[in-house]
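The values are calculated or read from the model by the stated rules, or taken from the named source; none is laboratory data. Worth saying up front: this structure is predicted, and the values here are computed from it rather than measured. Here Cβ is always computed from backbone atoms with ideal geometry, including for glycine, and neighbour counts include all displayed protein chains. Remember, those area values only see protein heavy atoms, side chains included, never the ligands or the DNA or RNA. Shrake-Rupley method; radii C 1.70, N 1.55, O 1.52, S 1.80 Å.
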Amino acid sequence: MTLALRDIHAARSGLMLVQGDFASERRRALHEEGWSRGLGALGELLASQRD
């Protein structure tokens with residue numbers, strides 16, 4: 001797994017996550033769903049902290 005962060009501008013960052021070599025397409029889909037949900041929830045939490 002590789003994670004890369006980059007500055008977008010003063011208050012924003014970008015995240016790139018690369019993960020591969022899955023045993024099946026189903027396993028890849030499960031990882032994609034899990035990361036998408038987890039990072040989405042993190043984004044919502046961080047956004048709520050700004051208010």
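Extending each Cα 7 Å along its Cβ direction at Arg27 and Leu3, get the distance between those two points in nm, one decimal.
2.2
Normalised by the number of residues in the chain, what is the relative contact order in percent for Cα pairs under 8 Å and 6+ residues apart?
With pairs under 8 Å counted, the relative contact order is 23 percent.
Probe radius 1.4 Å, ligands and nucleic acids ignored: give me the carbon and sulfur share of the accessible area of the chain as a rounded percent.
Of all accessible area on the chain, carbon and sulfur atoms account for 54 percent.
Ratio of the chain's C-alpha Rg to 2.2 N^0.38 Å, to two decimals?
Ratio of Rg to 2.2 N^0.38 Å for the chain: 1.39.
Whole number in Å², please: accessible area per residue of the chain, 1.4 Å probe, ligands, DNA and RNA not counted.
91
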